[in-house]
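Asks: Sharing a structure here in structure tokens format.
The values are calculated or read from the model by the stated rules, or taken from the named source; none is laboratory data. This is a predicted model, so every value here is computed, not measured. All Cβ positions, even for glycine, are placed from backbone atoms using ideal geometry, and neighbour counts span all protein chains on display. To get the accessible areas, we keep the full protein, side chains included, count just its heavy atoms, and leave off ligands, DNA and RNA. Shrake-Rupley method; radii C 1.70, N 1.55, O 1.52, S 1.80 Å.
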Amino acid sequence: MGEVDHVIAQRLTSSVPLVAQISQYIIAAGGKRLRPALLLLICGALGYRGNHRFSLAAVVELIHTATLLHDDVVDASTLRRGRATANQTFGNPASVLVGDFLHTRSFQMMVEAGNMRIMEVLSEATNVIAEGEVLQLMNMHDASLDEAGYLQVIRSKTAKLFEASARLGAILAESPPQIEEACATYGQALGTAFQIIDDVLDYDGNTAEMGKNLGDDLREGKSTLPLIVAMQRGNAEQAAIVRHAIEEGSTDRLDDVVAIVRNTGALEAARMAAFAEARRAMTAAEQLPASNYATSLLQLAAQLLERRA
């Protein structure tokens, strides 16, 4: 990961000072670096040791960072990773344009790998992510969204880059098709579990641990799995309270909504859905050759369920 950070620092240079300033601001905020770590772990598990693993791990992190910049503008977010978002600090226009810069820089870097298959995977992934963003926008304030619709959004918006990161590791290692698909399945399942837990924490975490404001999803009118289950399991009055909060994007009764989500067992149900995805990821990882890297992939899936931030 040190090598990946070095590549990122090298490639974020720009003759336009504000581009470099905002890029460094968002990268310096840290983060879990799960997507590049996933690519590196897959490469390790499959025996690839070439330098392209560092540049492509940097590419997926830059793509992810670009989506964060755009997301925070769309969602009017003010806090991420415990500090002010880039749009809060530098304004919406600058954040959007620098997000575009990160996307285009990542495409410059992926071309340097000289592998058409890699470009196909990453270009398709960025396209699906954009579709997922639009789909989520269309679903805002829609309290009728069901679990299938919810999963469609998060598998496009979040899990797709996890899937692409894992697939790239297999491509670099020139793995056979069945191993490549196992890696892609691992990434998709891991990304899905990650997002479900993220949505759980919006009603079962705290601002200090998470680095973002509790109730942000509700404020944005997002119908996430905990809310979907709460409306299904709650009585008519409880369902009406949650439905109204989603449709109005209101946190006036956030305490009531949190209580309903917890009392209906919606958090436990959502965690079980995440557990099923984590188990799917582990089953896929078991197809890889035994090694410390493969063990780490199994542990990553298991530990994901325990995250609090």
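Asks: Out of all the residues in region 230-238, is one or more in contact (Cβ under 8 Å) with a residue 60 or more places away in the chain, within 17 Å of Ala148 (Cα to Cα), in contact with a helix residue (DSSP H, G or I) (Cβ under 9 Å, 6 or more places away or on another chain) and buried (at least 21 other Cβ atoms within 10 Å of the Cβ)?
Replies: Yes, because at least one residue in region 230-238 is in contact (Cβ under 8 Å) with a residue 60 or more places away in the chain, within 17 Å of Ala148 (Cα to Cα), in contact with a helix residue (DSSP H, G or I) (Cβ under 9 Å, 6 or more places away or on another chain) and buried (at least 21 other Cβ atoms within 10 Å of the Cβ).
Asks: Just give me the residues in region 67-83 being open to solvent by less than 40 Å² (accessible area, probe 1.4 Å) and of a type in the set (S, T, N, Q), in sequence order.
Replies: Thr67, Ser77
Asks: Of (1) more than 24 Å from Ala284 (Cα to Cα); (2) touching a residue at least 40 places away in the same chain (Cβ under 8 Å), Glu131 satisfies all except one. Which?
Replies: For Glu131, the exception is condition (2).
Asks: Could you please find all residues in region 4-34 being touching a Lys or Arg at 6+ places or on another chain (Cβ under 7 Å) and over 18 Å from Ser165 (Cα atoms)?
Replies: Those that are touching a Lys or Arg at 6+ places or on another chain (Cβ under 7 Å) and over 18 Å from Ser165 (Cα atoms): Arg11, Ala29, Gly30.
Asks: Is it the case that Ala86 is over 24 Å from Ala285 (Cβ atoms) and either open to solvent by 30 Å² or more (accessible area, probe 1.4 Å) or hydroxyl-bearing (Ser, Thr, Tyr) (or both)?
Replies: So Ala86 does not fit the description; no.
Asks: Condition test on Arg35, is it in contact with a Phe, Trp or Tyr (Cβ under 9 Å, 6 or more places away or on another chain) and closer than 20 Å to Val121 by Cβ?
Replies: For Arg35, the condition - in contact with a Phe, Trp or Tyr (Cβ under 9 Å, 6 or more places away or on another chain) and closer than 20 Å to Val121 by Cβ - is met.
Asks: Give me the helices (runs of 4 or more DSSP H) completely within region 233-291, filtered to those with at least 2 residues that are over 26 Å from the mean Cα position of the chain (by Cα) and not charged (D, E, K, R), ordered by residue number.
Replies: Of the helices (runs of 4 or more DSSP H) lying wholly inside region 233-291, those with at least 2 residues that are over 26 Å from the mean Cα position of the chain (by Cα) and not charged (D, E, K, R) span 236-248, 254-263.
Asks: If I go through region 169-220 residue by residue, how many of them are modelled with pLDDT of 95 or more and more than 14 Å from the chain's Cα centre (by Cα)?
Replies: 18
Asks: Continuing with the same structure: Output the residue which, of all residues in region 34-59 that are open to solvent by 40 Å² or more (accessible area, probe 1.4 Å) and charged (D, E, K, R), is nearest to Gly2 (Cα to Cα).
Replies: Of everything passing the filter in region 34-59, Arg53 is nearest to Gly2 (Cα to Cα).
To keep it simple, each residue is scored yes or no on (1) over 21 Å from Asp75 (Cα atoms); (2) assigned to a loop (DSSP other than H, G, I, E, B).
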site: Met138; (1), (2): no, no
site: His141; (1), (2): no, yes
site: Gln152; (1), (2): no, no
site: Glu163; (1), (2): yes, no
site: Ala170; (1), (2): yes, no
site: Glu181; (1), (2): yes, no
site: Gly205; (1), (2): no, yes
site: Asp217; (1), (2): no, no
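Asks: While we're looking at this one, here's another question. Just checking: which of the helices (runs of 4 or more DSSP H) contained wholly in region 11-125 hold 3 or more residues that are within 17 Å of the chain's Cα centre (by Cα), touching a residue at least 24 places away in the same chain (Cβ under 8 Å) and under 29 Å from Ser291 (Cα atoms)?
Replies: Where helices (runs of 4 or more DSSP H) fall fully within region 11-125 and carry at least 3 residues being within 17 Å of the chain's Cα centre (by Cα), touching a residue at least 24 places away in the same chain (Cβ under 8 Å) and under 29 Å from Ser291 (Cα atoms), they are 34-46, 52-75.
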